[in-house]
Amino acid sequence: MKNGTIALVGNPNSGKTSFFNALTGSNQHVGNWPGVTVEKKEGKFIYQEKEYDVVDLPGIYSLGAFSEDEVVARDYILTGDPDVIINIIDAGNIERNLYLTTQLLEMKKKLVIALNMVDEAEKRKIKFDLEELSKHLGAPVIPTVAHKGIGVGEIMEAAINAIGDKTSIENPLIYSGVVKHHIEHMEEILKNNNLPYPIEWTAIKIVEGDLNILKKLEEVNVDKKIIKDIKEYYKYHTSDSFELEIVDSRYAFAHKVAEHSVIRPLEEVITLTDKIDRILTNKYLGIPAFAIIMLVVFQLTFAIGEKLLGSFAASSIEGLGRLLEIFLIKIKAPGWLVSFIIDGVINGVGAIIEFVPLITVLYLLLGFLEDSGYMARAAYVWDDLMRRFGLQGKAFISMIIGFGCNVPGIMSTRTMDSKKDRMITMLITPFMSCGAKLPIYSVFIAAFFSKHGGLVLFSLYAFGILVALIMAKLLNKTLFKGDSSYFIMELPPYRIPTATNVIRNMWDNVSGFIKKAGTIIFLVIIIMWMLAVLPASVEPYSQYSILGTIGTFLAPIFRPAGFGTWQESVALFAGIPAKEAVVGTLGMLYAGQYVEEGVILVNAIRQHFTPLTALSYMIMVLLYTPCAATLGIVAKETRSTKWPLVMAIYTFAIGWFVAVIVYQIGSLLGFS
C-alpha cells in the first residue's frame, strides 16, 4: 500500500545520490521518464512498518526550461503530485543552492530542507542558525551528512510528518511593486480555467517570460481566449521585460536568508580541499595532474586486473573448457554440439568473461575517483581547453561517463543548455574507450605490449580524447556554428570514498557487462558459429564457410590498414551489435582453426598480427562505428534516424582512415 511519495530535489554534487542510496539501499530501480530519455531513479523506504516511494529527480541548478533535466524535474514536481519534497542543500554553498529553493517555494509545495555536508561546513568554521533558517523558508531544516547516514532518519521523520500536515503553504518571496502588479493581472486572466499548473506559479512564469509555459498551455488546449490574452500581453511587454527583476528577487531572498542564518568566520579557513585544489585545479597543473592520475589508474588496472587476476580467470575458463570437452566426448555427444559448446560458448563468450577482473578493477578505481570528489574537478580543469575546441566543461563530463559506457555518456548531454553543444558532444562521445573495448585492447596488449600495458592503455584513451577534440573543432566550424553555453558547477569537497557507493557503482557496470555477455554477445556468437560451420560440405571455420565467404568479401577494405584477413574483418563487424563480440568472434574462429594444436587466443593473435598491425587494429576498434545500443540512444535523444546513420558512417570512416595512416607510416619507418 502506498503511504506517500517523497521527491528528492537538489543541485548537482549536493549529495543527493548519497541521500537516495542511504534511504533506499538496494531497494531501487532505474528507468526512463515516460516519453524522454532522462534517467528516472525510484526506490522504496520503510518507516515504522509503512512503505513510502522515493523519487530521485535529476540534479539541477534551477527549474527553468533550459535543459530536458529541468523540464522533467519541474513537470514532475507540479503534476506528478509528490506528497513532500526533500530539498538537499550543500551547506558549504548555501546561498547558491537556495536559488533552487526559492523556485520550489514559488510552487507552494511541502518542503523539508536537508542541510547536507554540514561536517565540511564545520571544517570551514561555518555555523547555522537552524531556527532562523527554518523560519525564513517556512520549512523544517535538518543538518545531515548523507554519505555517513547522519541525519537521514530525522529527515525522513520530518518528511513523513509533513505529509500529514494540512497547513497551507505560502510563497515568502517579495517581488517589486510593478512585477507583483503584473503577476496579479495575469492571475486574473488565468483564473477559473483548468490549467496543467498552479495559477500563481503559472502567472509568475508568464511574467518572467518563460515561453515554454505558453507552449504547454497551447498543447493542453487551454481556452483560446487565454492564449490570445497572453500573446496580447507580450505585445506590450517583451518576454524578457521582467525576467531579470524576478531573478533578482530570488537572489535577494536567498541572500537575505543566508545573511540572517549563516555565521561565517571573520577570516576564511583554508581547508585540506583548498590546499589540494591549488594543485589539481591549477590552470597549468590541472590537466597534467589529470593525465598522471589516469595513467596510474590504467597501470593499476592492467597490473591487478590483467596480470594478477586475469591469468587466474583465463586458466579457470580454459580448465572448464577441458573438463566439458572430456565430459562431452565421454557421453558421445555429437561433434556439432562439442564444437558449439567448446569453440562457440567457451572460447567465444568465455574469451570475454576472462576480462571481468580487469573491468572490475577499472570501475572500482573510477568509482573511487568519482566518490572522492575528483571527477567533478576533472570537468572543471578541462573547461578552458574544451572552449578552444568549441565546447565547454559539461562536454567533458559526458566524455568521462563514456569511459564506462557511451550510452549514459550520450544521455548525460541532456543537461546542456545549448543544442549545438549537445549535438557535438553526442557525435564525439563514441571516440571514448568504453568498458566494452577494454577486453579487445587487453588481448592485444597481452600479446605484444605486456611490459607496457598500462601505458598503452592510457595512450589509447588519450588518443580517443584527442580525436574527439579535433572532431569537435571541425563540427563547430561546419555543421554546428555558434558560441558555447556557460559552464556552472559546484565542486564538492574531497572526502574518503564510501565502500558502499564505490562497490555499488562497480557492480552496476560489471553486472551490465556480464548480462550483455550472456544475452547480446551470446546471440552474436551463436550466429557467428553457425555461419562459420556451414555449409556442412566445407571444412568448418575455413575461408569457404559462409562466414569465411563474407569475411573474404570484406577483407580488402582493411588490407591498407594491415589486417586484411577474413577472420579479422568479420570480427570487426560482429562488434557493431556489441564491441565485446570482437574478442568473442576471434576466440571462436581461432579456437576452431587451431583446435588440434590447442592454441589459446593470445598465441593465435601473435600468429596473425604483428605489433604494428595490432596497433592499427586497436586504433580501428577505438574509433570505428559504436555499438547498436549507442546508435539506438542517439536516435532516441535526437528523435531522428539521420544522426545515428551519420554517426555510424563517419566514425567508421575516421577509424579506417587513422588505422591506415598508422599502418602505412609505421611500415615506411620500418616498424613491423
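The values are calculated or read from the model by the stated rules, or taken from the named source; none is laboratory data. Just so it is clear, the structure is predicted and the values come from calculations on it, not from any experiment. Cβ sites come from the backbone with ideal geometry, for glycine too, and all protein chains shown count toward neighbours.
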Exercise. For segment 209-229, does any single residue satisfy the condition of being in a helix (DSSP H, G or I), of a type in the set (D, E, K, R), over 30 Å from residue 376 (Cβ atoms) and in contact (Cβ under 8 Å) with a residue 40 or more places away in the chain?
Worked result: yes
Problem set entry | Single condition residue 30 does not satisfy, out of (1) at pLDDT 80 or above; (2) in a strand (DSSP E or B) | (1)
For this session: Mind listing just one residue for me: the one in segment 436-461 that is small (Gly, Ala, Ser) and in contact with an Asp or Glu (Cβ under 9 Å, 6 or more places away or on another chain) and, of those, surrounded by the most Cβ atoms within 10 Å (Cβ to Cβ)?
Result: 436
Problem set entry | Selection within segment 47-95 - under 18 Å from residue 109 (Cβ atoms), part of a helix (DSSP H, G or I) and touching a strand residue (DSSP E or B) at 6+ places or on another chain (Cβ under 9 Å) | 72, 73, 76, 77
Exercise. Is it the case that segment 395-414 has a residue that's of a type outside the set (Val, Ile, Thr) and not in a helix (DSSP H, G or I)?
Worked result: yes
For this session: State all residues of segment 522-565 that are touching a residue at least 60 places away in the same chain (Cβ under 8 Å) and within 15 Å of residue 589 (Cα to Cα); if no residue qualifies, say none.
Result: 522, 524, 525, 526, 528, 529, 532, 533, 540, 541
Problem set entry | Subset of segment 546-565 (residues that are surrounded by 21 or more Cβ atoms within 10 Å (Cβ to Cβ) and outside any loop (DSSP other than H, G, I, E, B)) | 547, 548, 551, 558, 561
Exercise. Going through segment 234-277 one residue at a time, which ones are hydroxyl-bearing (Ser, Thr, Tyr), over 36 Å from the mean Cα position of the chain (by Cα) and surrounded by fewer than 17 Cβ atoms within 10 Å (Cβ to Cβ)?
Worked result: 234, 236, 238
Seminar exercise, completed: Of all helices (runs of 4 or more DSSP H) fully inside segment 566-672, the set with 1 or more residues that are out of contact with any His (no Cβ under 8 Å at 6 or more places or on another chain), in contact (Cβ under 8 Å) with a residue 40 or more places away in the chain and surrounded by fewer than 23 Cβ atoms within 10 Å (Cβ to Cβ) is 581-593, 601-608, 611-623, 628-638, 642-668
Exercise. Restricting to segment 376-400, what's the tally of residues that are surrounded by fewer than 23 Cβ atoms within 10 Å (Cβ to Cβ), closer than 18 Å to residue 58 by Cα and not small (Gly, Ala, Ser)?
Worked result: 0
Exercise. What do you reckon, is residue 192 surrounded by fewer than 20 Cβ atoms within 10 Å (Cβ to Cβ) and without any contact (Cβ under 8 Å) to a residue 12 or more places away in the chain?
Worked result: yes
Exercise. What number of residues in segment 457-484 are touching a residue at least 24 places away in the same chain (Cβ under 8 Å) and closer than 15 Å to residue 622 by Cβ?
Worked result: 13
